[in-house]
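The values are calculated or read from the model by the stated rules, or taken from the named source; none is laboratory data. Being a predicted model, the structure only gives us computed values, none of them experimental. Here the Cβ positions follow ideal geometry from the backbone for every residue, glycine too, while neighbour counts run over all protein chains shown. Protein only, heavy atoms only, side chains kept; ligands, DNA and RNA dropped before computing areas. Shrake-Rupley method; radii C 1.70, N 1.55, O 1.52, S 1.80 Å.
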Amino acid sequence: MTHPRYTRLLDSLPSTVPFVGPEVIERTTGQPFSARLGANENIFGPSPTALEALRQADAEIWKYPDSASHDLKAEIAAQNGIAPENIVIGEGVDGLLGYLARMMIEQGDTVVTSDGAYPTFNYHVAGFGGVLHKVPFKDDFEDLDALITRAAEVDAKLLYLSNPDNPMGTYLSGTTIADALDRLPKGCLMILDEAYIELAPTDARADIAIEDPRVIRMRSMSKAYGLAGARVGYALGAAELIKNFDKIRNHFGLNRSAQHAALAALQDTEWLAHIQSQVSHSRDRLSQIALDNSLTPIPSATNFVTMDCGRDGDYSAAVVRELGARGIFARMPGVAPLNRCIRISCGPDAALDLFAAALPQALKAAL
Ligand SMILES: *Cc1c(COP(=O)(O)O)cnc(C)c1O
């Protein structure tokens with residue numbers, strides 16, 4: 001018998017991807033969810049013109065996509081007042097985080113993130129043998145000062161900051177982040193994950209020069225733009241940094257239909273405004289539902305509301321389970337003390353009605 005000769009690194013890794021998807025849970029339980037409120041998808045859906053662009057792109061699916069994503073980059077450049085050379089398009093923020101880890105991380109290299117922050121980043125770092133150092137949240141906010149201090153202590157090559165944050169939904173002001181860059185240790189690149197920035201108050205946007213070599217910003221088409229299934233994201237940064245993605249990216253990584261849909265979605269600014277107002281209404285309603293059930297909603301700058309259940313992680317896990325048993329897909333933060341909370345995505349009133357009806361029963365059953 002002969003066996004594939006894996007790397008020692010691969011042999012050392014667990015076979016677990018960062019998230020168990022709702023479809024996997026549905027197959028396990030044999031029960032379809034009636035409200036899909038666990039993955040921060042945009043349940044209001046994408047722009048109708050993006051859907052039309054998808055349909056029109058159908059017939060040309062036999063063609064390889066434009067590997068330079070020219071038109072999509074041109075639109076992003078125009079909207080952000082930057083050059084196409086400052087933009088790389090990828091298979092979601094998730095894909096871009098993987099590319100960046102591949103560009104920057106060799107075995108033993110150090111990286112700093114918050115304990116309980118976005119697990120896909122950790123997954124990619126571990127996949128290239130990086131060593132993660134985690135800093136606790138401070139009062140449900142990512143603790144930028146502590147992240148910077150730790151980065152200096154461990155000579156981190158990367159510092160990950162999500163703004164607004166997932167899973168707590170809080171945000172730091174753009175000024176706080178821009179000012180902190182001067183304290184970033186030499187040779188440390190900040191990844192500013194702005195997956196929810198379109199849904200945040202305007203003061204969350206950091207005013208950072210695009211050629212500033214200390215930062216790379218990541219944006220997603222999955223949340224405000226409602227294209228999670230298409231897998232489109234983009235990163236903005238200094239031209240020299242961005243150019244390096246061309247050494248390792250899957251050059252046909254982003255599918256043809258997704259490029260067309262993303263372009264149409266970005267151009268439909270009216271739909272974005274509609275989504276922003278729907279999300280804002282939904283956040284208010286979710287907060288009220290939390291209060292009605294004696295939970296404490298954490299003020300959110302995203303398309304979800306994280307609710308403090310006031311007990312430990314075992315209790316929150318039971319609440320998530322009991323919600324699931326009642327057809328509601330929800331998730332919760334993975335580590336203490338954040339795991340005293342459950343996290344519920346925004347959605348149309350019909351979905352929130354189902355959640356509002358199930359929550360009191362789930363809370364009782366979880367006791
Ligand atoms: C949802 C989310 C992403 C995922 O973005 P994709 O573009 O869908 O890969 C990235 N970062 C954070 C913090 C998220 O919550």
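Tabulated values for the structure
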| quantity | calculated |
| --- | --- |
| All positions within the range 191-223 that are hydrophobic (A, V, I, L, M, F, W, C), assigned to a loop (DSSP other than H, G, I, E, B) and within 11 Å of the ligand (Cβ to nearest atom) | A195, M221 |
| Hey, G233 at pLDDT below 95, touching a strand residue (DSSP E or B) at 6+ places or on another chain (Cβ under 9 Å) and over 27 Å from L323 (Cβ atoms) or not | no |
| Residue check for D349: closer than 26 Å to D203 by Cα, surrounded by fewer than 22 Cβ atoms within 10 Å (Cβ to Cβ), away from the ligand (no atom under 16 Å from the Cβ) and within 25 Å of the chain's Cα centre (by Cα) | no |
| Identity of the residue in the range 290-318, closer than 24 Å to E198 by Cα and β-branched (V, I, T), that ends up most open to solvent (accessible area, probe 1.4 Å) | I298 |
| V111 vs. criteria among the aliphatic types (A, V, I, L, M), under 30 Å from L352 (Cα atoms) and either part of a strand (DSSP E or B) or without any contact (Cβ under 8 Å) to a residue 24 or more places away in the chain (or both) | no |
| Hits in the range 289-335 - residues which are within 16 Å of the ligand (Cβ to nearest atom) and among the aromatic types (F, W, Y) | F304, F329 |
| Residue match in the range 193-213 (condition: open to solvent by 30 Å² or more (accessible area, probe 1.4 Å) and over 30 Å from I275 (Cα atoms)) | yes |
| Single residue of the range 166-188 satisfying the filter (out of contact with any helix residue (DSSP H, G or I) (no Cβ under 7 Å at 6 or more places or on another chain) and in contact (Cβ under 8 Å) with a residue 60 or more places away in the chain) that is farthest from the ligand (Cβ to nearest atom) | T170 |
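To keep it simple, each residue is scored yes or no on (1) part of a helix (DSSP H, G or I); (2) within 16 Å of the ligand (Cβ to nearest atom); (3) closer than 17 Å to N244 by Cβ.
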site	(1), (2), (3)
T49	yes, no, no
E52	yes, no, no
R55	yes, no, no
A59	yes, no, no
W62	no, no, no
A68	no, no, yes
A74	yes, no, no
Q79	yes, no, no
